[in-house]
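Remarks on the structure that follows.
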Amino acid sequence: SIQDKNALHLYSINGKYLGSETLKEEVSDMCVTSEYIVMGSLQGFLSIRDLYSLSLSISPLAMRLPIHCISVTKEYSHILVGLEDGKLIIVGVGKPAEV
């Protein structure tokens, strides 16, 4: 965060700059999977971005409270979101029939 601007930068494993994306929210936690970046913000939004293009995969989900921690289950079937008030929100991943 520089001068109230937040950005996500992507580099290759060899250190080559691949791109960046300006963010509207202040990131409080993130979790990287094989294909996605799952981010939580202090403004209470859960965002899922493509790991390679950094574009949003879905529109951000409002949690209404600041997000303190994010975790993705081993099978990538659920996202666990810890909120400021101590609640744990479990978000199912995939199509409704799969969840």
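The lone criterion from (1) closer than 15 Å to Val91 by Cβ; (2) over 13 Å from the mean Cα position of the chain (by Cα) left unmet by Gly19 is number (1).
Scanning the stretch 40-58 for residues that are on the phi < 0 side of the Ramachandran plot, among the hydrophobic types (A, V, I, L, M, F, W, C) and surrounded by 11 or more Cβ atoms within 10 Å (Cβ to Cβ) returns Leu42, Phe45, Leu46, Ile48, Leu51, Leu56.
Restricted to the stretch 35-47, and to residues there that are free of Cβ contacts under 8 Å to residues at least 24 places away in the same chain and closer than 18 Å to Glu75 by Cα, the residue that is nearest to the chain's Cα centre (by Cα) is Tyr36. For the stretch 59-99, filtered to residues that are open to solvent by 80 Å² or more (accessible area, probe 1.4 Å) and of a type outside the set (D, E, K, R), the residue that is modelled with the lowest pLDDT is Val99. Residue count for the stretch 51-99, restricted to those that are in a strand (DSSP E or B) and either touching a residue at least 12 places away in the same chain (Cβ under 8 Å) or touching a Ser or Thr at 6+ places or on another chain (Cβ under 8 Å) (or both): 19. Of everything in the stretch 22-39 that is open to solvent by 40 Å² or more (accessible area, probe 1.4 Å) and closer than 20 Å to Val93 by Cα, the residue that is modelled with the lowest pLDDT is Ser34.
The values are calculated or read from the model by the stated rules, or taken from the named source; none is laboratory data. Fair warning: this is a prediction, and the values are worked out from it, not measured in the lab. Backbone-built Cβ (ideal geometry, glycine too); neighbour counts: all protein chains shown. Ligands, DNA and RNA are excluded from the accessible area calculation, which covers all protein heavy atoms including side chains. Shrake-Rupley method; radii C 1.70, N 1.55, O 1.52, S 1.80 Å.
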